[in-house]
1. Would you please give the residues with an amide H less than 5 Å from that of Val31, counting only those at least 5 places away or on a separate chain, with H modeled from the backbone geometry?
2. Check Trp20: other-chain or 5+ apart residues with amide H under 5 Å from its amide H, H built from backbone geometry?
3. For Ser37, what is the net charge nearby, where nearby means another residue's Cβ is under 13 Å from its Cβ and Lys, Arg count +1, Asp, Glu -1?
4. Going by accessible area, probe 1.4 Å, with all protein chains left in place, what is the ranking of Thr44, Thr54, Thr5, largest first?
5. Stretched out fully, how many nm does the piece from Arg47 to Leu4 gain, at 0.36 nm a residue minus the Cα gap?
Amino acid sequence: MTDLTWIRAAPEDAPGPGPWIEIAFGPGDNVHLRETSDPDNIVTTTRTKWEAFTKGVRAGEFDHFADPDGSIGPSTSGQACIS
């Protein structure tokens, strides 16, 4: 997967290396995700699933994973959090 072009999901003015999530659109229907702090650990999904996920993010379907103060962490409602 060395021929992939990784796109960093970070604010343009963000200092330092992150950690950030990066995505790369591969050949065929593949979308690859990794963390900048662990670039060898790559998760692969399909473009269809990626598009469904991003639509859900824009629609607020995952807002319950974020604490009211804007930080990401365990929910006070007892729901699991993606880390």
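The values are calculated or read from the model by the stated rules, or taken from the named source; none is laboratory data. Everything numeric here is computed off the predicted structure, so don't read it as measured data. For neighbour counting, all protein chains shown are included, and Cβ atoms are generated from backbone atoms with ideal geometry for every residue, glycine included. These area figures cover heavy atoms from the full protein model, side chains too; ligands, DNA and RNA do not enter into them. Shrake-Rupley method; radii C 1.70, N 1.55, O 1.52, S 1.80 Å.
1. Hits under the 5 Å cutoff: Gly26, Thr45, Thr46, Arg47.
2. Distant-sequence amide H within range of Trp20: Thr36, Ser37.
3. Cβ neighbours under 13 Å give a net charge of -2.
4. Result, largest first: Thr5, Thr44, Thr54.
5. The Arg47-Leu4 span can extend by a further 14.0 nm.
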